[in-house]
Amino acid sequence: MTSLREFSEYVHNQSRRPPMDKVHPSIQTELDVLASLTIQDKSESKIIASSASFRECLLDSQHGQQLTELIKRLLLDGHGECILPLWKDPDDSSVEVALTRGEFNSAVENIKQICSKLTCTVTELYPAVESDNTTVRGTVLIREKIVAVSDMLEIRVAVVGNVDAGKSTLLGVLTKGGLDDGRGKARVNLFRFKHELETGRTSSVGMEIMGFDDTGKVVGANDGSRKSSWRDIVGWSKKVITFIDLAGHEKYLKTTVFGLMGGSPDYVMLMVGANAGMVGMAREHLGVALALNVPVFVCVTKVDMCPPNVLQATLAQLGKILRSAGCRKMPIFISSLQDVADASPNFVSQRICPIFQISSVSGQGLDYVRSFLNLLPFYGQFDDSAPFEFEINDTFSVPFVGTVVSGVVTSGTVQPGDSVYIGPDSLGQFTISSIRSIERKRQPVTIARAGQSVSFAMKKLRRKDVRKGMVVLAKHDGSTVDSGSSSLATSLSLSSPPKSVREFVAEVLILQHATTIKIRYQAMLHVGAVAQTCAIVELDRPYIRTGDRALVKFRFILRPEYIKPGQKILFREGRTRGLGVVKEVIHGF
């Protein structure tokens, strides 16, 4: 039996790995040979041998060029920002750097002088603390000052948890800046429908943004009297956190799973009520996040109204669940800004799970949450050089603009005026359209890149002809190829419409099922932004049970969809849960 953690990592790696069957065997052999060689240029070895240590770079101005190159590399890896601990070597964390108080201040000044030439801001994340009687430890944040809207760093955070855990209330407090009155004042502006205002429960996928400037301060947060516009937040922000507010009630599980699959979140913020604990849908949402291999951090809410013994029981229960064989995470309780600075860069790689104890009424722990969100790194792997592909998560009809679609660019780049394919429709066909304009966070941009959540205004397209789950793909033009060219067939294939899929083969792991699953079993299947009922038409064995790993052929019941090998799938039916990865697609009906 394969554990959930092992299979989720396998699915995650398969979804990011290019199919090796497309690499020619001879080329693969050459790559293996080159990888085994350790050829090093003599000049390069001299540079490495003469390179100064990290401590010397910090304190000696003669090594300023080496420190400058180090900061440039860290900024490039961090998409315009980096967290630089001055008490250890960033290239080798096992090498500690001992600095006195005077040396630490001198190192910070040297970094500031270098960053002033790079148009960057240096901010100390917390007051330098003494590790012993002579040395101190400190960490600085380096962030670029000038960032265009099209290049702005965006982190998507999905907010999940059981009903009445305080998800919408916390988002209202974080985005508006005020505190809640204990009766739902902070969440009023987040609801989209009348019945949400009446019941106080989210039933749709909501979007809110929170901006940070180059020094790490929150942009647009005031006393809570009014809600800042997205234009004001984006205009002054260098980094934006996009919150995907999801429903906590059990009957809205389809909406929640759609937000987790189609929204492509970088992180999941799990909300747990201190007085209730990990009950209801909180366990379901944690299981889905672990199955999708999305990093999770926890906020324990309502600590101001919870008795101390109940709070301790909730924290003990939470720690036990996180340490279990299914999660295998290390809970870290955040109690200082130093804990925030140490946990945020190691959040993904070290499998730790930060836990915050907060209150939206008293404000306890909210500063730690804001600092943690400010330092969250971007680790997504998106290919700008691949063909353009965009998944539609929502559709709108805007007066004087026309049909607008929103979603996430999964690969490639696109500009206004580009011709694209959009589909598939109910018959599996794609239509040709073009992009009239592009907006990112309600601001017009001239280009959209992979990994960004944007909106497109489409030309000559009615809203009734588009739906959630469709894709927008690049339209290649093969008219420049001569008729006598040997690559004519390839060019024509590129200019032909893409093909939809009715059946596909996936490798799945049954996470939970009461009995057995056989042929003709039907369940709701999620692939990216696609959510449709599928039936099992073939199995590699007579039946499968909980914990079994098998190859399964699915067939879409209602209409064909556009999916690719390597995509993650999640299917559910009642309390049945299954996770998998697409291995093969079958074109034609």
To the nearest 20 debye, the range 389-457 has a Cα-centred charge dipole, built from +1 on Lys and Arg Cβ and -1 on Asp and Glu Cβ, of 300 debye
Whole-Å distance linking the alpha carbon centroid of the range 391-422 with that of the range 429-462 is 3 Å
In this structure, among Lys464/Lys499; Lys72/Lys239; Lys251/Lys460, pairs with alpha-carbon gaps over 25 Å are Lys251/Lys460
Any residue on another chain or 5+ positions along whose placed amide H is under 5 Å from the amide H of Thr202 is listed here as Gly248
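For a Förster distance of 56 Å, can you work out the FRET efficiency between the beta-carbons of Asp89 and Arg541, rounded to the nearest 0.05?
In this case the efficiency is close to 0.60.
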Ratio for the range 368-421, C-alpha Rg to 2.2 N^0.38 Å, reads 1.58
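Please sort 374-381, 272-279 by packing, taking for each peptide the average over its residues of neighbouring beta carbons within 10 angstrom, highest first.
Numbers: 374-381: 17.5, 272-279: 19.9.
Those peptides, ordered most packed to least, come out 272-279, 374-381.
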In nanometres, the difference between 0.36 nm per residue of separation and the alpha-carbon distance of Arg559 and Thr431 is 44.5 nm
If unit charges are put on Cβ atoms (+1 for Lys and Arg, -1 for Asp and Glu) and the dipole of the chain is taken about its Cα centre, the option from Val527, Thr175, Gly216 lying farthest towards the positive end turns out to be Val527
Per residue convex hull volume, Cα only, the range 330-480, in Å³ is 180 Å³
Counting sequence-distant residues (5 or more places) and residues on other chains, those with an amide H built under 5 Å from that of Lys583 are Val505, Ala506, Glu507, Gly566
Counting only protein heavy atoms and rolling a 1.4 Å probe, one gets per residue an accessible area for the range 232-361 in Å² of 35 Å²
Excluding residues fewer than 8 positions from Lys459 in its own chain, the lysines with Cα under 20 Å of it are Lys468, Lys475
In debye to the nearest 20, the charge dipole size for the chain, taken about the Cα centre with +1 at each Lys and Arg Cβ and -1 at each Asp and Glu Cβ, equals 2360 debye
Once amide hydrogens are built 1.01 Å from N within the peptide plane, the residues lying 5 or more places from Gly407 or on another chain with amide H under 5 Å from its amide H are Asn393, Val454
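Order of 423-433, 282-292 by packing, highest average Cβ count within 10 Å first?
Working: 423-433: 17.0, 282-292: 21.4.
So the peptides 423-433, 282-292, ranked by packing, come out 282-292, 423-433.
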Once phi for every residue in the range 439-452 is put through the Karplus expression 6.51 cos²θ - 1.76 cosθ + 1.60 (θ = phi - 60°), the whole-Hz ³J(HN,Hα) values, with Gly and Pro written as x, are 10, 10, 6, 6, 10, x, 10, 9, 7, 10, 10, 4, x, 9
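Report the full-extension gain for the segment Glu130 to Glu9: residue separation times 0.36 nm, less the Cα-Cα distance, to one decimal in nm. Kindly include the intermediate steps, with their values, before the conclusion.
Numbers: separation 121, 0.36 × 121 = 43.56 nm, distance 3.92 nm.
Full extension of this stretch gives 39.6 nm more.
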Log entry: pair-distance distribution for the range 546-589, C-alpha pairs binned every 5 Å from zero, whole % per bin is 5, 16, 30, 26, 16, 7, 1
Counting only protein heavy atoms with a 1.4 Å probe and every protein chain in place, the carbon and sulfur fraction of the accessible surface of the range 225-273 in whole percent equals 49 percent
Per the beta carbon screen (other Cys under 4.7 Å), unpartnered cysteines of the chain come out as Cys57, Cys82, Cys299, Cys306, Cys327, Cys353, Cys534
Dividing the helical contributions, -39500 (n - 2.57) per DSSP H run of n ≥ 4, by the residues of the chain yields a 222 nm value, nearest 500 deg cm²/dmol, of -8000 deg cm²/dmol
For the chain, whose charge dipole is built from +1 on Lys and Arg Cβ atoms and -1 on Asp and Glu Cβ atoms, the candidate among Met330, Val129, Gly102 with its Cα farthest towards the positive end is Met330
Of the candidate values (1) 51.5, 163; (2) 24.9, 99; (3) 25.6, 81, the one computed for Rg and Dmax of the Cα atoms in Å from this structure is (3)
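The values are calculated or read from the model by the stated rules, or taken from the named source; none is laboratory data. If you're wondering where the values come from, they're calculated on a predicted model, not measured in any experiment. In this analysis, Cβ positions are derived from the backbone assuming ideal geometry, glycine residues included, and neighbour counts consider all displayed protein chains. Note: areas computed on protein heavy atoms with side chains; ligands, DNA, RNA excluded. Shrake-Rupley method; radii C 1.70, N 1.55, O 1.52, S 1.80 Å.
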